[in-house]
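Visitor: One structure coming up, written as structure tokens, with questions to follow.
Any read-out appearing in this document is the output of simple, stated calculations on the displayed coordinates, not a laboratory observation. For clarity, every value in this text was computed on a predicted model and none was experimentally measured. Quick reminder, even Gly has a Cβ in these numbers, built from the backbone with ideal geometry, and neighbours come from all protein chains shown.
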Amino acid sequence: MNIFTKAVHVGDRRKPGPHIPVTAPITTASSYVYETMQQLDDVFAAPDSGYCYARYDNPTNSGLEELVTALENGHGTLACSSGMAALNAAIQTALLDRPKRIVAANALYGATISLLDKLLDPFGVPTTYVDICDLGAVERAIAETKPGCVLLETISNPLLRVGAIDRIAEMTRGAGAALVVDNTFATPLLVRPLELGAHMVVHSATKYLAGHGDVLGGLITSDQEHYAVLRQVSRIYGPVLGPFESYLTMRGVKTFALRMERQCANACRVASWLATNPKVGKVNFTADSAHPDAATIARLFPKGLYGAMISFELRDAGRAEVFAFMDRLKLIVRATSLGDVHSMMLYPAMASHRDLPPKQRERLGIRDSLVRLSVGIEAAEDIIEDLDRAL
Ligand SMILES: *Cc1c(COP(=O)(O)O)cnc(C)c1O
């Protein structure tokens, strides 16, 4: 079934019965009763066979989980309370029976770096950072550190680099480690990492999948090998999404492919315009034929869909000039987050990468003149007009 069709149908109308709600209802109960104690005992013995407690499972979440499993072509999905909760649960699942060491991309979402350095490292799980676009370096890092988990983002934040997930999956599998891919920026419309050999794929559902700026959520879709452990990890510490947020996310997902298609097309137009503007320095965009990973992008992404994130430098600008530019924006929303229906701009040095020491930011190429634009579904000419006025 085509992804556009899946997005609209999967997960709804799950229970055959005399009347079937057209869309998955919000179920708020924290626990469940059965006609007999024997039935409840059976559910406790095999938690996937029925509902008994909301930390384990919830019917609204099950609808969303079935839907996202279909989109990512996985074995099963866990809906989490945030993207960060999902990442943490995925890493714990990956490492439970493996060496407690991680090899991670050196370009990651800011809070992911904090998770690795400030939470996992102090608990004895060190991370080795590597340029994932340098396959030789990835191979060496895996051989030298023998990690239990390799972690990367399909499209890196905010410089939009793209690693060869399939090749890295081969190396990771060869070393007995688990590959966890954060697919937030790409969405399953562009890339489905499990099809390329990853073991678990993570989303901040807050972004494109929910898409309307009104949900905080995360998702982990795993292969068969890791699914039971993932559910077990979740049953123990409960990083689960609430049923209201599940409902909103599911409602958002129905239009995600449509929105993403439009956002990708808008981003191409905006990026082309930015590249010709004398007040703009370097433009990072995945459709650029001069992109350092153009060959990998051509191989892994569908034709014409390159993502809807752009980052660019303002020529000769420091923090004060960037602030003044962003203050002049009238349409584009100056806010953290991305992937919403409305265009949004963020200043990485102040927001997503604020917690990194300036030297480390500089080393990663995140200069004080760099801004990140999440292109929305508005008319492209209105987005361009807003940028033009503010520049
Ligand atoms: C936002 C984001 C996260 C964290 O997700 P939350 O829902 O904010 O917890 C992780 N990875 C990427 C790439 C993100 O953009």
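Visitor: Just how large is the dipole of the range 256-390 about the Cα centre, in debye to the nearest 20, putting +1 at every Lys and Arg Cβ and -1 at every Asp and Glu Cβ?
Guide: Numbers: 19 positive and 17 negative charges, 70 e Å.
It comes to approximately 340 debye.
Visitor: Take the cross-link list 15/254; 6/100; 279/303; 118/146; 146/282 and give me the ones stretching past 28 Å between alpha-carbons. Mind showing how you got there, number by number?
Guide: On the way: 15/254 19 Å; 6/100 37 Å; 279/303 30 Å; 118/146 21 Å; 146/282 37 Å.
Check vs 28 Å cut-off fails for 6/100; 279/303; 146/282.
Visitor: Which one, 219, 325, 164, is farthest towards the positive end of the dipole of the chain when Lys and Arg carry +1 and Asp and Glu -1 on their Cβ?
Guide: Toward the positive end, the furthest listed residue is 325.
Visitor: So which trypsin sites (Lys or Arg not before Pro) in the range 344-391 end up in coil per DSSP with only 15 or fewer other C-beta atoms within 10 Å? Numbers along the way, then the final one.
Guide: Details: sites: 354, 359, 361, 363, 367, 372, 389; in loops: 354, 367.
Within the range 344-391, the qualifying trypsin sites (Lys or Arg not before Pro) (loop, at most 15 other Cβ atoms within 10 Å) are 354.
Visitor: Among 214-220, 106-112, how do they line up by average Cβ neighbours within 10 Å per residue, starting with the highest?
Guide: Values: 214-220: 24.4, 106-112: 21.1.
The densest-packed peptide leads the list: 214-220, 106-112.
Visitor: Given Cβ point charges of +1 (Lys, Arg) and -1 (Asp, Glu) and nothing else, what value in debye, to the nearest 20, does the dipole of the range 39-115 about its Cα centre take?
Guide: Numbers: 4 positive and 8 negative charges, 115 e Å.
So the dipole magnitude of the range 39-115 works out to roughly 560 debye.
Visitor: I would also like to ask the following. For residue 214 paired with residue 327, estimate the spin-label separation in nm (one decimal), with each label point 7 Å from Cα along the Cα-to-Cβ line.
Guide: In this crude spin-label approximation the distance works out to 3.2 nm.
Visitor: With θ taken as phi - 60° and the coefficients 6.51, -1.76 and 1.60, list the Karplus ³J(HN,Hα) couplings across the range 155-172 in order, rounded to whole Hz; mark glycine and proline as x.
Guide: Using θ = phi - 60°, the values come out as 10, 6, 10, x, 8, 6, 7, 10, x, 7, 4, 5, 5, 5, 4, 4, 4, 4 Hz.
Visitor: Along each of its three principal axes, how wide is the spread of alpha-carbon positions in the range 3-253, in whole angstrom units, largest first?
Guide: Sorted from largest, the Cα extents of the range 3-253 read 59, 37, 29 Å.
Visitor: Compute, for the range 3-253, the length of the dipole vector about the Cα centre, with Cβ point charges of +1 (Lys, Arg) and -1 (Asp, Glu) only. Units Debye, rounded to 20. Kindly include the intermediate steps, with their values, before the conclusion.
Guide: Working: 19 positive and 25 negative charges, 38 e Å.
Approximately 180 debye in magnitude.
Visitor: Moving on to the next point. Would the range 284-391 count as rounded, prolate or oblate if I go by the C-alpha gyration tensor, calling it rounded below 1.5 in a/c and otherwise prolate when a/b exceeds b/c, oblate otherwise? Let's see the in-between values first.
Guide: On the way: a/c = 1.83, a/b = 1.13, b/c = 1.62.
Here the range 284-391 falls in the oblate category.
Visitor: Using a 10 angstrom cutoff on alpha carbons, build the Gaussian network for the chain and name the most mobile of 200, 37, 344.
Guide: 37
Visitor: If I model a spin label as a point 7 Å beyond the Cα along the Cα-Cβ vector, how far apart are those points for residue 381 and residue 46 in nm?
Guide: Calculated label separation equals 6.1 nm.
Visitor: Which of the trypsin sites (Lys or Arg not before Pro) found in the range 292-343 are in a DSSP loop and have at most 16 neighbouring Cβ atoms, other than their own, within 10 Å? Intermediate values should be presented prior to the final figure.
Guide: Values: sites: 299, 303, 315, 319, 328, 330, 334; in loops: 303, 315, 328, 330.
Qualifying residues, ordered by number: 303, 315, 328, 330.
Visitor: Against the longest principal axis of the chain, how steep is helix 380-390, in degrees 0 to 90 to the nearest 10, with axes from Cα atoms?
Guide: Orientation of helix 380-390: about 50 degrees from the principal axis.
Visitor: Continuing with the same structure: Looking at the chain only, what percent of DSSP beta bridges run antiparallel? Nearest 5 please.
Guide: Working: 23 of 40 bridges.
Approximately 60 percent, going by the DSSP bridge assignments.
Visitor: Can you give the angle from 0 to 90° between the axis of helix 59-72 and the longest principal axis of the chain, with both taken from C-alpha atoms, to the nearest 10?
Guide: Value to nearest ten degrees: 50.
Visitor: How far is the Cα center of the range 302-341 from the Cα center of the range 233-249, in Å?
Guide: 31
Visitor: Extension gain residue 295-residue 237, at 0.36 nm per residue separation less the Cα-Cα distance, in nm? The partial results should precede the final answer.
Guide: Details: separation 58, 0.36 × 58 = 20.88 nm, distance 4.15 nm.
So the extension gain works out to 16.7 nm.
Visitor: Still on this model: Using a basic spin-label model with each label point 7 Å from the Cα along Cα→Cβ, how many nm lie between residue 355 and residue 261?
Guide: About 3.8 nm, to one decimal.
Visitor: When a/c is below 1.5 the answer is rounded, else prolate if a/b is larger than b/c, else oblate, so apply that to the range 171-287 with a ≥ b ≥ c taken from the square roots of the Cα gyration tensor eigenvalues. Please list the in-between numbers first.
Guide: On the way: a/c = 2.66, a/b = 1.50, b/c = 1.77.
The shape class here is oblate.
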